[in-house]
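The values are calculated or read from the model by the stated rules, or taken from the named source; none is laboratory data. Everything numeric in this text was worked out from a predicted model, so none of it was measured. With ideal geometry, Cβ positions are generated from the backbone for all residues, glycine too; neighbour counts draw on all protein chains shown. These accessible areas exclude ligands, DNA and RNA; they are computed on the full protein's heavy atoms, side chains included. Shrake-Rupley method; radii C 1.70, N 1.55, O 1.52, S 1.80 Å.
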Amino acid sequence: MTASTVQANALDDARVQLAEAVAVLGYPEGLHRILGAARRETTVSVPLVRDNGDVEVFTGYRVQHSIARGPAKGGIRYSSEVNLDEVRALAMWMTWKCALLDIPYGGAKGGVDVDPRTLSPAELERLTRTYTQGISPVIGPDNDIPAPDVGTDEQTMAWMMDAYSATRGRGVPGVVTGKPLDLGGSLGRRTSTSRGVAHISLLALAKEGIAPSSATAVVQGYGKVGADAADYLAEAGVRIISVSDRFGAVHNTDGLDLSRLRAHSEERGTVAAFGGGLPIDPAAVLELDVDLLVPAAVEGVVNADNASRVCARIIVEGANGPTTAEADKILERSGVLVVPDILANAGGVVVSYFEWVQAQQGYWWTLSDVERGLDDRMTAAWSSVLDQAATTGSTLRRAAMALAVGRVARAHRARGLTH
Ligand code: NAD
């Protein structure tokens, strides 16, 4: 599958999911159109003078899908595969995620079509500052609040915060979340998505009557989300038998030694060639016979081509959009429990919300306050999705979408359908 196929599918999949929710909720076509349309789409050119003096021009995006329930919120992706349709899909999913977790935000996403691994740190900083200046008219603590995603991190957010602050003539810590602690980041934010993924995974295992100590799992995408999710799951007793990244995969049926794996990955930039297991085809990781599969890489990896070969009992979507709409139907028929992205990976935006609240108040919470708040919100969302699924006899994705889309639609209606 080519990159462009994957990206085109992400928006198609997001639209199919919305159409299904609209049908379940019985909404008229006009409301459907409002719910599906992005509120604002910004495209900027991002010129970069390379360290050797060459000039390149990248394209940056910021799509605000919805501001019906509050300021737009969503991550910034740096990847050569970023394009407008992918950003549109990811922005729409953020709207539903924030609504499902009952956080007072709309949804947004941004990105630059650059492979960050090809840039020096100084080039990355210049690129980030130029991109931030480009989108600064539409972001801000009360308008739209970026955060890290694929290919970006705390350092990226620090540069964004500084570049935005320069346009305002004062420090504005609330403009981004996922900042370093020294700039007003929140304790627990860096690992919050992973903690939430693991928390929901344990709830899903319990629902299926599987004890963590007897459970096996694989994690696709050993990045910011996947690596810490593997650690949290292993801490709870789950045996992680395989992990992958874009360069390779490693397998050990006795369970991988995750502290050695992390050291290897940090040193080499990949899990490939890790001595504590055997190499395995990265595509095969998705088809291993395990209790729990956590896709934590990119969209569209479980698709019509491989869904019938998925043997996992449960899929917990650490990534956004890892399962295509076609694959969803196949997995439903084969009885795989799919915990949807808008629930499973919402821990990051929950603690981003806490970080924003702390910045707005100028008052910082303890780690235990943050972790308790995160766990409570994830458990509450899980319970409401389970109740909705049981009441309506639907999959967890359809239940989550119906709850989320219903909340956004009510906000639109209360405002008079103009926002
Ligand atoms: P990241 O860049 O830190 O890690 C991504 C990992 O996936 C890397 O290890 C990369 O090598 C790997 N990868 C990429 N393509 C792959 C492929 N085809 N097969 C196997 N591995 C592959 O990114 P991240 O922040 O961990 O984000 C991962 C996913 O989680 C994305 O879908 C992102 O939107 C989603 N997400 C991230 C956050 C967050 O807080 N960072 C929050 C919610 C959702």
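Observations on the structure shown:
- Candidates Arg62, Arg69, Arg129, Arg88 - the one that is of a type in the set (Lys, Arg), under 18 Å from the mean Cα position of the chain (by Cα) and away from the ligand (no atom under 15 Å from the Cβ): Arg62
- Among the residues of the range 240-261, those identified as buried (at least 20 other Cβ atoms within 10 Å of the Cβ) and not hydrophobic (A, V, I, L, M, F, W, C) are Ser242, Ser244, Asp245.
- Any hit, the range 326-335, residues being of a type in the set (A, V, I, L, M), away from the ligand (no atom under 13 Å from the Cβ) and in contact (Cβ under 8 Å) with a residue 60 or more places away in the chain: no
- Looking across the range 175-187 at every residue that is of a type outside the set (Val, Ile, Thr) and buried (at least 22 other Cβ atoms within 10 Å of the Cβ), the one that is nearest to Gly111 (Cα to Cα) is identified as Gly178.
- Leu386 being in a helix (DSSP H, G or I) and surrounded by 21 or more Cβ atoms within 10 Å (Cβ to Cβ): no
- Scan of the range 74-85 for residues that are within 11 Å of the ligand (Cβ to nearest atom) and of a type in the set (D, E, K, R), ordered by number: Arg77, Glu81
- Within the range 371-381, being of a type in the set (A, V, I, L, M, F, W, C) and surrounded by fewer than 22 Cβ atoms within 10 Å (Cβ to Cβ) holds for one residue alone: Ala380.
- Here Tyr164 meets the list (1) within 19 Å of Val49 (Cα to Cα); (2) out of contact with any Phe, Trp or Tyr (no Cβ under 6 Å at 6 or more places or on another chain) almost entirely, failing just condition (1).
- Within the range 160-184, residues that are free of Cβ contacts under 8 Å to residues at least 24 places away in the same chain sit with their Cβ atoms under 8 Å from residues that are basic (Lys, Arg) and within 16 Å of the ligand (Cβ to nearest atom), at 6+ positions apart or across chains, in these pairs: Met161/Lys179.
- Selected residue (only one of Val271, Val197 is within 13 Å of the ligand (Cβ to nearest atom), of a type in the set (Val, Ile, Thr), touching a residue at least 12 places away in the same chain (Cβ under 8 Å) and under 25 Å from Phe354 (Cα atoms)): Val197
- Matching entry among Val238, Val290, Val243, Val250 (being under 25 Å from the mean Cα position of the chain (by Cα), within 11 Å of the ligand (Cβ to nearest atom) and among the aliphatic types (A, V, I, L, M)): Val243
- The C-beta contact set for the range 224-235 (first residue under 17 Å from Ala204 (Cβ atoms), second residue open to solvent by 40 Å² or more (accessible area, probe 1.4 Å) and within 11 Å of the ligand (Cβ to nearest atom), distance under 7 angstrom, 6+ apart or interchain) comprises Tyr232/Arg195.
- Listed by first and then second residue, the pairs with beta-carbon distance under 9 Å, at least 6 apart or on different chains, first residue in the range 11-28 and assigned to a helix (DSSP H, G or I), second of a type in the set (Asp, Glu) and open to solvent by less than 60 Å² (accessible area, probe 1.4 Å), are Leu11/Asp85; Leu11/Glu86; Asp12/Asp85; Asp13/Glu299; Asp13/Asp328; Val16/Asp328; Gln17/Asp328.
- Test: residue in the range 52-59 that is closer than 20 Å to Asp341 by Cβ and of a type in the set (S, T, N, Q): no
- Test: residue in the range 30-41 that is more than 16 Å from the ligand (Cβ to nearest atom) and within 25 Å of Leu127 (Cα to Cα): yes
- Of the residues Gly373, Gly362, the single one that is without any contact (Cβ under 8 Å) to a residue 12 or more places away in the chain and more than 16 Å from the ligand (Cβ to nearest atom) is Gly362.
- Flag if Arg15 is at pLDDT 95 or above, under 21 Å from the mean Cα position of the chain (by Cα) and open to solvent by 70 Å² or more (accessible area, probe 1.4 Å): yes
- Residue match in the range 135-151 (condition: in contact (Cβ under 8 Å) with a residue 60 or more places away in the chain, open to solvent by 10 Å² or more (accessible area, probe 1.4 Å), touching a Pro at 6+ places or on another chain (Cβ under 8 Å) and within 15 Å of the ligand (Cβ to nearest atom)): yes
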